[in-house]
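To keep things clear, I will list the structure first and then write my remarks on it.
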Amino acid sequence: MKLLLKDIAMLLQIRPHTTRKVSGQEMKELPRLENAWLMLENDVIHSFGQMSEIPNFQDIKTLDCSGKIVLPSWCDSHTHLVYAGNREQEFVDRINGLSYQEIAASGGGIINSAKKLQATSQKELFAQSEKRLQEVIQQGTGAIEIKSGYGLTTDAEVKMLRVAKKLGEKYNIAVKTTFLGAHAIPPEFKNNKEGYLDLVCGEMMEQIANENLADYVDVFCEQGYFSVADTNRVLQAGKKHGLRAKTHVNQFTAMGGVAASVKHDALSVDHLEVLNKEDITALQQSQTMPVALPLCSYFLSIPYTPGRDIIDAGLPLALATDYNPGSSPSGNMNFAVATACIKMKLSPEEAINAATINGAYAMGLSESCGSITKGKKANLIITKKIPSYGYLPYAFGSNNIDQVILNGTLV
Ligand code: NIG
Ligand code: FE
């Protein structure tokens, strides 16, 4: 099956296979072709070029893209898309003055979601989660990471990861899964955190590794959740089971979680709303991708990750949605890109790099996703007729996407 996209006003984010991520100054560039064609064969990008030099293709299904921009699908490297119910009441409680931490301390937050998820069947959990996945695919996401962490028992954590895997199979979309058993201390272990960590690093991780349910391991390294020592323990256990680290660090407190994650060669460190010099220095000596989650900052009214400082320090940066019921009930990458420009002062080029090639890197998918590269997956966004790519974050409230292509097929 071949599909030709022709008269593309602008083909964006063209990269050689060797580019795995872009850092610092490189993030200001967005390689592109104007008046281009792009040929897809089966599920991959076959070839592309300028319209003035288009080969004489015959009998190929063709899509007219005049006035439109074509770019690689968004790569959302941090979500908790599999969850049960919602936390709308906590949203209202916060409007009325309670803080996110106060709500969590009184048994709400992650524990609230865990109670709901434990009481939800796998079938129902799948049904609720697939609606969200369908929506984010329409919004241009073509590869996604999904975490566990609302189970907090072996059965419920396994249930979440099975649902995440099945979603990837049913929708033929790249799903990377992350085991986040150390997301919160469940009430049964309120005074026995070590006991819970024994379970996470023991039975839970063993079953998850045996069933091949996770690619990565994650910890919420934060005051009131898990310490740096706990983080070291979980990441060490993960390594033993072949699970590389992707961590939640520095959301509210800079306590050394970045350096600890780097020491374990984490693939990514995510959140980073509170970042100090030592954290930046640790990242400069690493291959770890810093990931900002601007929708979480927006929704919780907490500081934005200092993306400008990160990039200006020569580091790479990725953007993800953090889609979850408590701190970001949106998986809309378009809005994440716009918010990064509006609130974090990223240029459109930087934000698009962060949401494509660097997002792919942050979930170990740089081989197949994140850029217009021969042989990579034919996962594409075709915009409406818009004047420029900067219009995407500029017109932040509009749906600027006309069509999406996943694995070479129009969705
Ligand atoms: O990434 N911060 C930790 N975990 C999630 C949200 C958890 C929740 O409130 O349900 C996050 O923001
Ligand atoms: Fe998260």
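The values are calculated or read from the model by the stated rules, or taken from the named source; none is laboratory data. Because the structure is predicted, anything quoted here is derived from the model rather than measured. Ideal geometry is used to build each Cβ from the backbone, glycine not excepted, and the neighbour counts take in all protein chains shown.
Could you say which residue among 91, 57 is more than 16 Å from ligand 2 (Cβ to nearest atom), among the aromatic types (Phe, Trp, Tyr) and at pLDDT 95 or above?
One residue alone meets the criteria, 91.
Can you find, within the stretch 124-151, the residue that is surrounded by the most Cβ atoms within 10 Å (Cβ to Cβ) among those that are more than 16 Å from residue 380 (Cα to Cα), aliphatic (A, V, I, L, M) and touching a residue at least 40 places away in the same chain (Cβ under 8 Å)?
Among them, the one singled out is 146.
Sort through 350, 367 and tell me the only one that's acidic (Asp, Glu), more than 16 Å from ligand 2 (Cβ to nearest atom) and either surrounded by fewer than 19 Cβ atoms within 10 Å (Cβ to Cβ) or part of a strand (DSSP E or B) (or both).
One residue alone meets the criteria, 367.
Count, please, the residues in the stretch 47-81 that happen to be away from ligand 1 (no atom under 16 Å from the Cβ), among the β-branched types (Val, Ile, Thr) and in a loop (DSSP other than H, G, I, E, B).
2
From the list 384, 376, which residue is more than 16 Å from ligand 1 (Cβ to nearest atom), charged (D, E, K, R) and surrounded by 17 or more Cβ atoms within 10 Å (Cβ to Cβ)?
Checking each option against the conditions leaves just 376.
Which one of 120, 178 is outside any helix (DSSP H, G or I), over 22 Å from residue 246 (Cα atoms) and either more than 13 Å from ligand 1 (Cβ to nearest atom) or not small (Gly, Ala, Ser) (or both)?
Going through 120, 178 in turn, the sole match is 120.
What number of residues within the stretch 181-192 are within 15 Å of ligand 2 (Cβ to nearest atom) and assigned to a loop (DSSP other than H, G, I, E, B)?
Number satisfying all stated conditions: 2.
Can you tell me which residue among 43, 7, 64 is over 30 Å from the mean Cα position of the chain (by Cα) and surrounded by 14 or more Cβ atoms within 10 Å (Cβ to Cβ)?
From the options 43, 7, 64, the qualifying one is 7.
Sort through 395, 362 and tell me the only one that's out of contact with any helix residue (DSSP H, G or I) (no Cβ under 9 Å at 6 or more places or on another chain) and either of a type outside the set (D, E, K, R) or touching a residue at least 24 places away in the same chain (Cβ under 8 Å) (or both).
362
Considering only residues that are of a type in the set (Gly, Ala, Ser), in a loop (DSSP other than H, G, I, E, B) and more than 12 Å from ligand 1 (Cβ to nearest atom), which ones fall in the stretch 290-323?
If the condition is that a residue be of a type in the set (Gly, Ala, Ser), in a loop (DSSP other than H, G, I, E, B) and more than 12 Å from ligand 1 (Cβ to nearest atom), then 301, 313, 314 are the ones that fit.
Determine whether residue 52 is over 20 Å from residue 389 (Cα atoms) and at pLDDT 95 or above.
The answer is yes for residue 52.
If a residue has to be surrounded by fewer than 24 Cβ atoms within 10 Å (Cβ to Cβ) and in contact with a Cys (Cβ under 6 Å, 6 or more places away or on another chain) to count, how many in the stretch 192-248 make the cut?
So the count comes out to 1.
Hey, could you check the stretch 94-117 for residues that are small (Gly, Ala, Ser) and either modelled with pLDDT under 95 or in a loop (DSSP other than H, G, I, E, B) (or both) and say which is nearest to residue 167 (Cα to Cα)?
The residue in question is 109.
Out of curiosity, is residue 103 closer than 19 Å to residue 17 by Cα, buried (at least 18 other Cβ atoms within 10 Å of the Cβ) and of a type outside the set (Gly, Ala, Ser)?
Considered against the rule, which asks whether it is closer than 19 Å to residue 17 by Cα, buried (at least 18 other Cβ atoms within 10 Å of the Cβ) and of a type outside the set (Gly, Ala, Ser), residue 103 comes out as no.
Just one of (1) away from ligand 1 (no atom under 15 Å from the Cβ); (2) touching a strand residue (DSSP E or B) at 6+ places or on another chain (Cβ under 8 Å); (3) within 30 Å of residue 408 (Cα to Cα) trips up residue 212, so point out which.
(2)
Report yes if some residue within the stretch 286-309 is more than 30 Å from residue 98 (Cα to Cα) and either among the hydrophobic types (A, V, I, L, M, F, W, C) or modelled with pLDDT under 95 (or both); otherwise report no.
Looking for residues that are more than 30 Å from residue 98 (Cα to Cα) and either among the hydrophobic types (A, V, I, L, M, F, W, C) or modelled with pLDDT under 95 (or both), one finds at least one in the stretch 286-309, hence yes.
Answer with yes or no whether residue 36 is buried (at least 20 other Cβ atoms within 10 Å of the Cβ) and in a strand (DSSP E or B).
Spelling it out, residue 36 is indeed buried (at least 20 other Cβ atoms within 10 Å of the Cβ) and in a strand (DSSP E or B).
Can you confirm whether residue 340 is buried (at least 24 other Cβ atoms within 10 Å of the Cβ), in a helix (DSSP H, G or I), in contact with a Gly (Cβ under 8 Å, 6 or more places away or on another chain) and at negative phi?
yes
Quick check: is even one residue across the stretch 391-404 acidic (Asp, Glu) and under 19 Å from the mean Cα position of the chain (by Cα)?
Checking the stretch 391-404: not a single residue is acidic (Asp, Glu) and under 19 Å from the mean Cα position of the chain (by Cα).
In the stretch 125-162, how many residues are within 30 Å of residue 401 (Cβ to Cβ) and in a helix (DSSP H, G or I)?
Within the stretch 125-162, residues that are within 30 Å of residue 401 (Cβ to Cβ) and in a helix (DSSP H, G or I) number 16.
Would you point out which residue out of 137, 185 is closer than 15 Å to residue 220 by Cβ and not assigned by TED's automatic domain parsing to the domain that holds residue 377?
None of the others qualify; the one that does is 185.
Exactly one condition in (1) farther than 30 Å from residue 131 by Cα; (2) under 16 Å from the mean Cα position of the chain (by Cα); (3) in a helix (DSSP H, G or I) is false for residue 165; which is it?
Condition (1) is where residue 165 drops out.
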